[in-house]
1. How would you rank 34-44, 135-145, 223-233, highest first, on the average number of other Cβ atoms within 10 Å across their residues?
2. Under a straight-distance cross-link criterion of Cα-Cα below 30 Å, which lysines are reachable from LYS300, leaving out those fewer than 8 residues away in the same chain?
3. Using a 10 angstrom cutoff on alpha carbons, build the Gaussian network for the chain and name the most mobile of ASN278, ASN314, ASN55.
4. Connecting C-alpha atoms closer than 10 Å in a GNM of the chain, tell me which of LYS168, LYS271, LYS300 has the biggest fluctuation.
5. To the nearest 20 Debye, how big is the dipole of the chain about its Cα centre, given +1 on the beta carbon of each Lys and Arg and -1 on that of each Asp and Glu?
6. With θ set to phi - 60° and the Karplus curve 6.51 cos²θ - 1.76 cosθ + 1.60, what are the ³J(HN,Hα) couplings of the stretch 188-193 in order, to the nearest whole Hz, using x for Gly and Pro?
7. Below 14 angstrom from the Cβ of LEU227, what's the summed charge of the other residues (Lys, Arg +1; Asp, Glu -1)?
8. Taking R0 as 30 Å, what FRET efficiency do you get between LYS179 and LEU118 from their Cβ-Cβ distance, rounded to the nearest 0.05?
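The values are calculated or read from the model by the stated rules, or taken from the named source; none is laboratory data. Because the structure is predicted, anything quoted here is derived from the model rather than measured. Note: ideal-geometry Cβ built from the backbone for every residue, glycine included; neighbour counts use all protein chains shown. With ligands, DNA and RNA removed, areas are computed over all heavy atoms of the protein, side chains included. Shrake-Rupley method; radii C 1.70, N 1.55, O 1.52, S 1.80 Å.
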Amino acid sequence: MSLDIARGIAVLLMVEAHIRFIVPILSEWAYLFAAPSFIFISGVSYQLLIQSRQNKVRSSIYLEVLWRAVLLFLLTAAVTLIGNLFLARDVSIFIGDIFLIIAVGYIIGLLIKNSIKLKVTAIILIYLLTFIITNYHIQSLLFLTGSIQILPGVCYFIVGQIAFEAYKNRNLNLKTSNKFLAYSAVFMVLNLGILYLIPYNFTIQGRDFFLEFLTISSITTFITFLLLRVIDIEGRFNKIFKPVRNLGRISLTGYYVSYVSFVVTGFFVLKTNPIILNLSFFIFAVTALILLEKLWRPHKYILGFEWLLRKGTNIGVKFTEKIGEIQLPIKNRRV
């Protein structure tokens, strides 16, 4: 339940981040945390998916993850192309960076064993590779660190995989959740202390620099563990967070709806106070999302991004397994 709320909060941050009327501090911090939190939660969700498939054959799990990664890429390309054609009048395909990063995270998740040490090592190696690519201008690999920033953006996904440790125990109690919360608090305070001692400008442009990455990751982890304790363990504030939790169920679709606020606000050049405009558009976009989810829920979110991803993955896995079954008898005949 708390993970759905975390997804919903990420959607709210996305909506705020894409409104063109800037509110000092609020808009900047929303933009700073929107993408990292979305990728981080996807990392946690990925590990939950793997845990829920433990009784399946390993090859079947690999197929499902690979198909999810491919479909994330293809669906994002399709939606973005349609959006460009009808809204931006641009026929070029610009892949949504967050979903491309998540797709790469899925692939990396298959390659790294479920070990915290290996995941921490992977993060360090990714940042080292990013440094080498950007500083030595390795042309063939610059696309990884370009405008989309697959590297080091995928590190937020890996941190989410590490944070999954708090979720994998289905009988999590208050004592254990307090332990995870304490660890994340220490991690956050240490990073904030380092950021305070070192004269460093904490900005949107530096979101993927190592110091900012650690600070954003620590804050996101702390908030996620706090929600886990308050919502899942103590069972508090469920009614208050219910609309946000429901938004979390259509977080992938909600991500694209947040772009609508960006496009719509682009048509308005008004002399009204930007704070009032920002708040008005935010309330409008969030209300529209809440109503959309409520009307869509009885239909199980059919044709939504989540629905297409789930159905497409199932079809892809069955198709691949069918091909494998056909090829096996052919090989046996040849032998």
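1. Working: 34-44: 25.4, 135-145: 12.1, 223-233: 19.7.
The densest-packed peptide leads the list: 34-44, 223-233, 135-145.
2. LYS56, LYS168, LYS239, LYS242, LYS311, LYS318, LYS322
3. Per the Cα network of the chain with a 10 Å cutoff, ASN55 tops the list.
4. Highest fluctuation among the options: LYS271.
5. On the way: 32 positive and 15 negative charges, 269 e Å.
I would put it at about 1300 debye.
6. Listing the rounded values in order: 5, 4, 4, 5, 5, x Hz.
7. Values: positive: ARG7, ARG229, ARG236, LYS242, ARG245; negative: ASP4, ASP232, GLU234.
Value of the local net charge: +2.
8. Details: r = 22 Å, r/R0 = 0.74.
Between LYS179 and LEU118 the formula returns 0.85.
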